[in-house]
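The values are calculated or read from the model by the stated rules, or taken from the named source; none is laboratory data. Keep in mind it's a predicted model, so treat the numbers as computed, not measured. Cβ atoms come from the backbone with ideal geometry, glycine included; neighbour counts cover every protein chain shown. When the accessible area is computed, the model is the full protein with side chains, heavy atoms only, and any ligands, DNA or RNA have been set aside. Shrake-Rupley method; radii C 1.70, N 1.55, O 1.52, S 1.80 Å.
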Amino acid sequence: KMTQQMRDLQLAQARKPPGPSSPNAAKRLYRNLSGKFRVNYTSFDEGSLVGRGEKEKLRKSYLFQSNAALFEAVELQDLDRVQELLKHYSPEELDLNTPNSEGLLPLDIAIMTNNAPIARALLQAGAKESPHFVSLESRSLHLSTLVREAEQRVNELMAQVVNEAPNADCSEKEKQLKAWEWRFRLYKRMKAGFEHARVPDAPSSVHLSVASSSSLQVTFWEPLSVNSAVVTKYKVEWSCSPTFSPLLGEAVIDKLKDLHFTIQGLVSGTTCHVRVSAYNMKGWGPPQASTPPFAIPSNWREYDGRAPRRRGQAEALDHLLGQVKTVHQHCICHEPCKNQPQSRKHSVSKSLKHLFHPGSKFLKTLKRGLYLTAIFYKDDNILVTHEDQIPVVEIDDTYSCLLMQDFLWFTKVSCMWDEILWLRQCVTVSQSSCSCILQTRFKMLLAISQMQGLLGIQDLGQVFFEPIKDKQGNILIVTLKEVKTNQTFESVRWVPICKLQTSRKSVSSPEEPTALDTLLISVQDKLAYHQRSSHALSPGLYLGYLKLCSAVDQIRVLVPEQLPNILCHVKIRSNPNISREEWEWLQKMASVEEPVPTEPEADTAQNPLFQELQVAIKELMTLVNIPLQEAKDFRLYSQEVLDFGDQVSFLLLLPPSDDVCTAPGQNNPYTPRSGFLTLPLQIFELGEER
């Protein structure tokens with residue numbers, strides 16, 4: 001018998017013992033396990049175990065119990081218990097794909113009892129169907145055998161209970177009889193579920209899009225019908241022919257957490273047809289052709305053979321910097337500093353515990369001048385000196401130059417924290433010119449070196465987008481860096497931000513706070529800005545809104561507070577690639593001397609990109625508080641797609657040419673809603689690079 005062969009196979013492989021023999025036993029097992037789902041085995045008292053072998057034996061006993069509990073939870077259709085077990089144990093610990101003594105897997109029981117929620121939970125955890133069921137006939141025969149043997153066992157026990165006098169043995173046989181009656185009903189239900197099932201319908205929808213010049217993205221959805229058995233896998237097929245003969249390739253997808261597949265290795269410019277079919281225990285259903293019915297792998301750059309804008313730029317800049325450093329290597333300005341690297345190395349090697357001491361040169365109060373402060377934070381804590389002060393050093397106590405120009409120069413220097421010593425040595429040569437700007441920038445480099453030396457850390461982090469100024473004439477440049485390691489420091493401490501804010505005694509009035517007081521009051525906002533500016537967008541194609549405003553000494557760009565390193569934007573779709581055909585359509589639209597269309601024409605109504613853009617434009621106009629009727633005067637930037645790596649790309653929506661940049665004193669009739677800020681253009685560019 002097939003069932004007997006499977007049992008022999010299980011015994012030969014020394015598989016796990018069968019689970020509880022009745023629902024009551026299963027419930028008792030649940031109660032025993034309920035307090036053990038969150039056990040950390042390393043927390044047991046080592047002295048209570050004979051040794052590592054005993055500890056491992058105890059661990060395995062819990063895993064055996066959890067495996068049996070999973071089978072019983074599936075049989076009892078207890079979804080909550082199944083989800084709890086899957087949450088607290090890995091598939092390997094649960095032996096999720098190891099058959100029990102009846103040759104069944106948890107997924108087999110779930111799909112043959114037509115319990116779709118449990119089957120989906122098991123599938124997302126990586127559950128498989130039993131490999132023993134190689135055909136419909138083998139599955140049917142196996143179920144019939146299980147039903148027949150269970151019925152035979154019920155009849156045998158019933159005869160024994162009827163013929164024997166009441167005693168302890170009889171009571172035990174009654175329990176066994178109830179357990180087998182329950183199992184007999186389970187097998188009958190599984191057999192009926194299999195017999196009444198039919199092959200699945202075709203997937204409800206299959207969407208095909210161009211992912212690159214050599215790949216296509218296929219996204220599909222489950223069949224709409226709920227009358228067939230649970231779908232356990234899908235098959236994606238592709239071909240150059242609409243008849244799918246011959247096939248170029250196929251792929252079976254049995255990991256159903258995300259219903260999509262990328263076809264790789266295609267030839268650019270070759271037409272490819274795609275279809276998808278679903279599978280359940282009754283077999284493969286009919287295929288569903290994709291929408292659109294075919295696609296051609298391509299990329300927008302193929303339209304005019306354009307190379308990526310940033311290709312080789314980083315390497316070229318590194319090479320240029322190397323050339324400049326080589327030229328200056330033997331410069332006279334380096335002669336007095338030949339011995340400095342040794343002392344510098346000694347300074348950097350010092351840990352923070354040797355540097356935060358009463359003799360340090362950190363300032364406690366500010367006089368009139370320009371200062372640098374470095375904020376290091378971890379979670380809700382901030383690093384302070386032994387005097388509970390945020391590290392501050394002086395840049396210039398007689399500062400009187402153009403702040404914005406020097407500040408923007410400082411932000412560029414923040415991209416070269418490791419090169420400060422070299423920059424300082426080179427700037428030294430120019431001191432004879434007595435230029436106010438050069439003097440200030442040399443002092444900035446000195447202050448950076450001082451901060452690095454006192455902290456023993458070269459990377460001071462990211463510069464906050466604007467300095468803090470007060471009415472006393474103090475200007476504070478702020479750098480921010482998050483410490484993500486678990487490193488601990490002696491002689492210095494992490495202080496909760498709230499404690500630092502409440503314990504500091506202000507020396508200024510609330511109406512005219514000093515720059516340090518303003519920093520402490522707003523430090524959490526600055527930390528939030530720093531964290532948000534490092535967030536990345538999820539993969540996809542986005543529509544960005546470019547809006548500038550100019551002042552006397554700078555141009556600022558409108559950005560969202562939640563992602564200040566990105567333009568105001570909405571997501572168009574998850575596929576970041578613009579195909580050659582889509583780019584040709586955009587070029588055709590741009591060549592027509594008309595703004596962004598608001599009503600589809602006959603030849604564009606069926607264009608998916610056109611429909612996606614319509615939705616995105618409406619959403620973006622609402623986001624930035626611009627009436628939709630004004631969109632007719634806006635234009636799409638058609639010179640290029642802005643690619644940020646391989647996973648994020650942007651199309652730009654531009655206001656009318658006269659409104660792209662608002663001049664000083666010019667009224668903006670449409671003020672964006674809350675949740676936006678304006679950054680200096682140079683700061684935005686640096687943040688984008690990061």
- Message: Condition first: modelled with pLDDT of 90 or more and either out of contact with any helix residue (DSSP H, G or I) (no Cβ under 7 Å at 6 or more places or on another chain) or not assigned by the TED database to the domain that holds K188 (or both). Can you find one or more residues in segment 68-83 that meet it?
- Response: yes
- Item | Given (1) under 18 Å from V557 (Cβ atoms); (2) buried (at least 17 other Cβ atoms within 10 Å of the Cβ), index of the condition A616 fails | (1)
- Identify, from the list A127, A150, the residue that is without any contact (Cβ under 8 Å) to a residue 60 or more places away in the chain, over 25 Å from A179 (Cβ atoms) and in contact with a helix residue (DSSP H, G or I) (Cβ under 6 Å, 6 or more places away or on another chain). A127
- Is it the case that some residue within segment 145-165 is open to solvent by 20 Å² or more (accessible area, probe 1.4 Å), hydroxyl-bearing (S, T, Y) and not assigned by the TED database to the domain that holds V231? no
- Message: Among the residues that make up segment 312-327, is at least one of them farther than 30 Å from V413 by Cβ, at pLDDT below 95, open to solvent by 30 Å² or more (accessible area, probe 1.4 Å) and not hydrophobic (A, V, I, L, M, F, W, C)?
- Response: no
- Restricting segment 619-640 to residues that are open to solvent by less than 60 Å² (accessible area, probe 1.4 Å) and of a type in the set (V, I, T), which is farthest from the chain's Cα centre (by Cα)? I626
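A quick yes/no check of all residues on (1) closer than 22 Å to G453 by Cβ; (2) open to solvent by less than 30 Å² (accessible area, probe 1.4 Å); (3) in a helix (DSSP H, G or I):
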| position | (1), (2), (3) |
| --- | --- |
| I382 | yes, yes, no |
| I390 | yes, yes, no |
| I395 | yes, yes, no |
| T398 | no, no, no |
| F407 | no, yes, yes |
| K412 | yes, no, yes |
| D418 | yes, no, yes |
- Would you confirm whether any residue within segment 93-116 is open to solvent by 30 Å² or more (accessible area, probe 1.4 Å), in a helix (DSSP H, G or I) and within 25 Å of Y234 (Cα to Cα)? no
- Which residues, taken from segment 117-132, are assigned to a loop (DSSP other than H, G, I, E, B) and within 16 Å of V231 (Cα to Cα)? A125, G126, A127, K128, E129, S130
- Message: Need pairs with beta-carbon distance below 7 Å; first residue within 26 Å of G285 (Cα to Cα) and within segment 174-199, second open to solvent by 40 Å² or more (accessible area, probe 1.4 Å) and among the charged types (D, E, K, R); sequence gap 6+ or separate chains.
- Response: A197/K282; R198/K282; V199/K282
- Query: Out of segment 506-546, which residues are among the aromatic types (F, W, Y) and part of a helix (DSSP H, G or I)?
  - Reply: Y529
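Could you identify the single residue in A159, A150, A125, A116 that is small (G, A, S) and touching a Leu at 6+ places or on another chain (Cβ under 8 Å)?
Testing whether each residue is small (G, A, S) and touching a Leu at 6+ places or on another chain (Cβ under 8 Å) leaves just A125.
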- Item | Condition check for W180: among the aromatic types (F, W, Y) and either under 30 Å from P308 (Cα atoms) or not assigned by the TED database to the domain that holds D258 (or both) | yes
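Out of V276, V252, V218, I need the residue that is modelled with pLDDT of 90 or more, under 30 Å from M190 (Cα atoms) and surrounded by 18 or more Cβ atoms within 10 Å (Cβ to Cβ). Which one?
Numbers: V252 fails: surrounded by 18 or more Cβ atoms within 10 Å (Cβ to Cβ); V218 fails: under 30 Å from M190 (Cα atoms).
Checking each option against the conditions leaves just V276.
For L609, are the conditions met, namely being modelled with pLDDT of 85 or more and either touching a helix residue (DSSP H, G or I) at 6+ places or on another chain (Cβ under 9 Å) or of a type in the set (A, V, I, L, M, F, W, C) (or both)?
Yes: the conditions hold for L609.
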- Selection within segment 641-653 - surrounded by 15 or more Cβ atoms within 10 Å (Cβ to Cβ) and not hydrophobic (A, V, I, L, M, F, W, C): D643, S649
- Task: Could you grab me the full set of residues in segment 521-547 that are in contact (Cβ under 8 Å) with a residue 40 or more places away in the chain, open to solvent by less than 30 Å² (accessible area, probe 1.4 Å) and not hydroxyl-bearing (S, T, Y)?
- Result: V523, K526, L527, H530, G540, L541, L543, G544, K547
- Query: Only one residue in Q77, Q65 is assigned to a helix (DSSP H, G or I), open to solvent by 20 Å² or more (accessible area, probe 1.4 Å) and among the polar types (S, T, N, Q), so which one is that?
  - Reply: Q65
- Note on the structure: Those residues of segment 282-292 which are open to solvent by less than 80 Å² (accessible area, probe 1.4 Å) and not polar (S, T, N, Q) amount to K282, G283, G285, P286, P287, A289, P292
- Message: Step by step: first the residues of segment 644-669, then only those that are modelled with pLDDT of 90 or more and in contact with a strand residue (DSSP E or B) (Cβ under 6 Å, 6 or more places away or on another chain), then the one that is nearest to G540 (Cα to Cα). Which residue is that?
- Response: S649
